[in-house]
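Read the structure below first, then the notes.
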Amino acid sequence: MCGIFGYIGHKTNAPTIVLEGLKRLEYRGYDSWGVAVVPEGDAENILVKKKAGKIGAATVTSMPKGTLAFGHTRWATHGGVTDVNAHPHLDCTKTIAVIHNGIVENYEALKEMLTKEGHHFVSQTDTEIIAHLVEENLKAMKPAIRDAQPAFSKAVQKAFNALDGLNAIILINTTSHEMVAARNGSPLVVGFGDGENFLASDPAALLPHTKQVHYLEDDEMVIVRPDAIHIFNARTGERVRPRKQLLTWTEKDAEKGQYPYFMLKEIYEQPGLMSEIASESTEQAKELAKQFATAYRVYVVGAGTSGHAARAASYLFSDISAHLINWGIASEFDHRLNVIPEKSLVVALSQSGETMDLMEVVKKAKAKGIGVVSIVNVVGSSLWRMADFRMPIGAGPEKGVASTKAFTSKIAHLILIAYAMKGNISDGQKLLIRAAKSAKEAVSESNVKRIKALAAKMKSVEHMFVVGKGISYPAAQECALKIKEISYIHAEGVAAGELKHGPLALVTKGTPCIVIAPNDETYRDVLGSAMEMKARGGHIIGFSYKNDEVFDDYIPVADAGEATIIPNVIVAQLLAYYLTLERGFDPDMPRNLAKSVTVK
Ligand code: M6R
């Protein structure tokens with residue numbers, strides 16, 4: 001959720017390098033930011049610039065020069081959104097600074113203990129106690145030890161081991177020229193440079209500097225100096241050999257290019273991605289199909305948009321390969337883990353690979369000896385590393401908080417796996433080519449014109465329904481999620497058959513009702529629901545392969561057989577995007593939401 005970027009090296013504009021790094025992490029969502037530098041020369045204190053709000057046009061050119069700096073974009077948990085609560089935080093002597101992702105669950109007890117020892121706190125955060133704890137640990141050392149090189153890292157190690165909860169921390173100080181970091185739960189990546197090294201919460205932030213990285217595992221600690229990186233286990237002190245990995249994304253992949261927003265760029269990438277997956281992912285799909293086929297039961301799990309993909313999976317597998325697949329929402333899956341039979345398989349779907357709710361499911365499944373498959377977009381992420389079998393989604397960096405291309409790419413992979421289980425993967429490939437064509441029509445100029453006009457017409461509505469049946473039910477839920485999370489219009493995805501069991505009571509004159517009516521066995525029923533809503537005054541908007549007189553507005557979606565969920569959701573993404581612009585909001589950074597939800 002929060003963003004972390006740290007630099008140590010030979011360049012003296014470390015604060016600017018860090019601010020640029022933070023800007024590359026802005027997409028994760030944040031409410032305040034800050035940078036700290038150890039000034040060059042004889043300065044006694046660490047200097048900090050921090051502010052509530054977005055970075056915008058702010059600079060750090062007024063900060064002193066230095067070759068060691070780090071910074072943070074904060075997503076508030078403990079303490080309101082204020083300048084003072086923004087990270088970095090300092091100890092009493094202002095010679096130790098900390099940035100932190102996560103929640104220190106025992107911070108009240110630690111704060112009480114530190115207050116008794118005379119420490120003075122200036123913020124309402126749990127984070128600040130970490131700087132004071134390190135200060136206290138250093139104070140408790142004998143002078144000879146305190147002055148020796150490893151004293152600072154030892155003090156950080158002791159502090160880290162005293163924290164309860166899932167945390168990633170980085171600390172710097174004015175005496176030892178190093179960054180000391182540790183992780184448990186929240187992601188942290190070390191970047192290897194030439195005479196300079198980096199730390200970040202997200203590998204995408206490192207792309208302009210290096211592609212060689214080491215993902216810290218839980219309980220790993222690292223000391224980062226300009227010319228050396230030492231990794232060890234924070235609990236046992238044992239040395240760990242760096243597991244260097246090469247990032248495959250390019251800097252260009254992570255930029256907006258000609259598009260005004262990442263979300264629009266990512267929407268337009270989808271037709272190409274569908275064709276790529278059709279031609280490049282068959283071997284992996286066949287491999288996973290074997291795992292699915294031999295498992296006693298398969299449980300596909302995800303959160304948010306990935307949860308909708310999991311629900312869609314249950315329809316795809318029953319329709320395509322006649323397999324009954326279970327699905328679940330990560331945050332609700334806990335109680336089911338106790339009764340999952342042996343030899344089952346948990347399939348974790350995730351764009352970021354860092355979603356805490358899903359990581360909890362995977363950890364518990366593994367502890368029970370259940371096999372885990374991860375289908376994730378960020379190769380090297382926590383869920384990627386935790387899995388027994390893995391498949392990359394291959395959608396490239398997704399920076400818009402609203403997930404778009406990762407959803408349709410997950411669906412494309414699931415379709416291939418289902419066809420591989422049926423023993424006919426080439427039909428799956430052909431279907432994806434059809435979906436790519438239909439996706440291209442969905443983003444065509446003429447279609448976008450229609451969607452823009454619809455958005456302009458709907459911009460002032462407060463509520464709407466999105467109705468679908470069969471696989472168009474998770475499509476309706478995904479459509480509603482896109483609309484609510486970025487345009488802030490309340491939208492509810494409803495199964496067509498459920499309307500008369502309650503939601504119909506809310507359909508009155510003018511209520512917008514989007515109806516997803518593809519060319520499949522659900523068509524007649526869904527049109528029936530549309531008529532019921534129209535009879536109560538509902539304004540019916542059809543997403544369908546053909547127009548019908550029940551539709552007051554109509555957006556064509558070319559038929560792509562079992563893969564029609566792909567163009568249907570793309571049309572929904574575009575509608576959400578243009579509604580957001582019409583209402584004057586930023587589609588890339590919706591309020592209160594973060595790209596990667598690394599807390600429970
Ligand atoms: O990275 P993940 O796919 O695991 O993320 C899961 C959800 O947090 C994510 O899909 C969220 O719902 C998005 N904001 C939806 O657009």
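The values are calculated or read from the model by the stated rules, or taken from the named source; none is laboratory data. Quick caveat, the model's predicted, so the values are computed rather than measured. Glycine also receives a Cβ, built like all others from the backbone with ideal geometry; neighbour counts cover every protein chain displayed.
Can you say whether Ala495 is surrounded by 23 or more Cβ atoms within 10 Å (Cβ to Cβ) and either within 30 Å of Ile320 (Cα to Cα) or out of contact with any strand residue (DSSP E or B) (no Cβ under 8 Å at 6 or more places or on another chain) (or both), as far as the supplied structure shows? So Ala495 fails the test. Residue count for region 1-52 under the criterion of being assigned to a loop (DSSP other than H, G, I, E, B) and within 22 Å of Thr175 (Cβ to Cβ): the result is 12.
Just checking, which of Tyr545, Tyr523, Tyr578 is over 33 Å from the mean Cα position of the chain (by Cα), among the aromatic types (Phe, Trp, Tyr), buried (at least 17 other Cβ atoms within 10 Å of the Cβ) and assigned by TED's automatic domain parsing to the domain that holds Arg450?
Matching residue, one of Tyr545, Tyr523, Tyr578: Tyr523.
Looking only at region 551-563, residues that are part of a loop (DSSP other than H, G, I, E, B), touching a strand residue (DSSP E or B) at 6+ places or on another chain (Cβ under 9 Å) and either among the polar types (S, T, N, Q) or surrounded by 19 or more Cβ atoms within 10 Å (Cβ to Cβ) (or both) come to 2 in all. Being within 28 Å of the chain's Cα centre (by Cα), among the β-branched types (Val, Ile, Thr) and within 30 Å of Gly510 (Cβ to Cβ) is a property that holds for Val443. I want to confirm something. Restricting to region 188-238 and keeping residues that are of a type in the set (Gly, Ala, Ser) and touching a Leu at 6+ places or on another chain (Cβ under 7 Å), which single residue is surrounded by the most Cβ atoms within 10 Å (Cβ to Cβ)? Here the answer is Ser201. Listed conditions (1) crowded, with 21+ Cβ neighbours inside 10 Å; (2) over 30 Å from the mean Cα position of the chain (by Cα) are all met by Cys2, apart from (2). Is at least one residue of region 303-317 farther than 20 Å from Ala495 by Cα and in the same structural domain as Ser374 (by TED's automatic domain parsing)? Among the residues of region 303-317, not one is farther than 20 Å from Ala495 by Cα and in the same structural domain as Ser374 (by TED's automatic domain parsing), which makes the answer no. Just so you know, in region 339-373 the residues that are within 10 Å of the ligand (Cβ to nearest atom) and of a type in the set (A, V, I, L, M) include one that is modelled with the lowest pLDDT, and it is Met356.
Just for region 279-300: of the residues that are touching a Gly at 6+ places or on another chain (Cβ under 8 Å), assigned to a helix (DSSP H, G or I) and not polar (S, T, N, Q), which one is farthest from Lys23 (Cα to Cα)? Per the criteria, the residue is Ala285. Looking at Phe317, Phe389, Phe333, just one residue is surrounded by fewer than 21 Cβ atoms within 10 Å (Cβ to Cβ) and aromatic (Phe, Trp, Tyr), and that residue is Phe389.
For every residue, the table says whether it meets (1) under 14 Å from the mean Cα position of the chain (by Cα); (2) surrounded by 24 or more Cβ atoms within 10 Å (Cβ to Cβ); (3) aromatic (Phe, Trp, Tyr).
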| position | (1), (2), (3) |
| --- | --- |
| Val379 | yes, no, no |
| Ser382 | yes, yes, no |
| Arg385 | no, no, no |
| Ala402 | yes, yes, no |
| Ser409 | no, yes, no |
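Being in contact with a Ser or Thr (Cβ under 8 Å, 6 or more places away or on another chain), within 14 Å of the ligand (Cβ to nearest atom) and of a type in the set (A, V, I, L, M) is a description that applies to Val376.
When the residues of region 304-341 are filtered to those that are assigned to a loop (DSSP other than H, G, I, E, B) and either among the hydrophobic types (A, V, I, L, M, F, W, C) or touching a strand residue (DSSP E or B) at 6+ places or on another chain (Cβ under 7 Å) (or both), which remaining residue is farthest from Pro474 (Cα to Cα)?
Per the criteria, the residue is Val339.
Restricting region 454-485 to residues that are touching a residue at least 12 places away in the same chain (Cβ under 8 Å) and among the polar types (S, T, N, Q), the residue that is farthest from the ligand (Cβ to nearest atom) is Ser472.
For region 78-97, state whether one or more residues are within 23 Å of Gly6 (Cβ to Cβ) and either outside the structural domain of Asn137 (by TED's automatic domain parsing) or in contact with a Pro (Cβ under 6 Å, 6 or more places away or on another chain) (or both). For region 78-97, residues within 23 Å of Gly6 (Cβ to Cβ) and either outside the structural domain of Asn137 (by TED's automatic domain parsing) or in contact with a Pro (Cβ under 6 Å, 6 or more places away or on another chain) (or both): present. Among the residues making up region 582-600, a single one is crowded, with 20+ Cβ neighbours inside 10 Å and modelled with pLDDT of 95 or more: Pro587. Somewhere in region 243-257, is a residue in a strand (DSSP E or B) and modelled with pLDDT under 95? Yes, because at least one residue in region 243-257 is in a strand (DSSP E or B) and modelled with pLDDT under 95. Of the residues making up region 547-598, those that are more than 15 Å from the ligand (Cβ to nearest atom) and in contact (Cβ under 8 Å) with a residue 12 or more places away in the chain number 25.
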